[in-house]
1. Do the sum for the chain: with -39,500 (n - 2.57) for every DSSP H run of n ≥ 4, divided by all residues, what is the mean residue ellipticity at 222 nm, to the nearest 500 deg cm²/dmol?
2. Between the helical axis of 136-158 and the dominant principal axis of the chain, each derived from Cα atoms, what acute angle in degrees is found, rounded to the nearest 10?
3. Under the definition of Cα pairs under 8 Å and six or more residues apart, what whole-number percent is the relative contact order of the chain?
4. Could you check which residue among 100, 89, 132 shows the biggest mean-square fluctuation in a GNM of the chain with a 10 Å Cα cutoff?
5. Quick check on region 6-57: what does the Kirkwood estimate of hydrodynamic radius come out to from the alpha carbon pairs, in Å?
6. Over all alpha-carbon pairs of region 72-193, lay out the pair-distance distribution in 5 Å bins, whole %, shortest bin first.
7. Taking Cα pairs under 8 Å and at least six residues apart, what relative contact order does region 108-186 come out at, in percent?
């Protein structure tokens, strides 16, 4: 008998918990069914298969990251917005390394929901750096630079790559200072032209 109240959202949330705890390789339909207390074939009432489920977990992961970034940027501008968004980004990437990895796996061009969530993430990063007075034609480049810096740092940290006996938090602040200086300089150069 199917479990009462089971729907696609509940199935996706349970799958995300598995990925978050044990990594993507641990996500199987058999394990998910066991976690939910149902037979594996009953999952097909809610998902098309494992690939569909991974797409849904990826979309959920992008949404969660974007929600964290949105909360971080609200009411802030300039360096404070950059710092707050960067801290939220880093926190998500380190605390939810497996879910974060899914956010970096590329957008499925057939998924309008996933594309919308990814666009929202770009908009939030844009909002965080808009006060640097960058023209629209440079904004996406600046977003890419910020994202590359944050991703590189967070990915190395999540993989345990910072082994020297120096403060990782201090290194992160140096990254923010460098990004802030670059964005400030780019904004000033744009004003002169």
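1. One gets -24000 deg cm²/dmol as the mean residue ellipticity at 222 nm.
2. 60
3. In percent, rounded to a whole number, it is 21.
4. Most flexible of the set in this elastic network: 132.
5. After inverting the mean inverse Cα-Cα distance, the result is 10.5 Å.
6. Final binned percentages: 2, 11, 19, 22, 19, 14, 8, 4, 1, 0.
7. Once divided by the residue count of region 108-186, the mean separation gives 31 percent.
Readers should treat all values here as calculations from the given coordinates under stated rules, not as data from a laboratory. Values in this document were obtained by computation on a predicted structure and should not be read as measured data.
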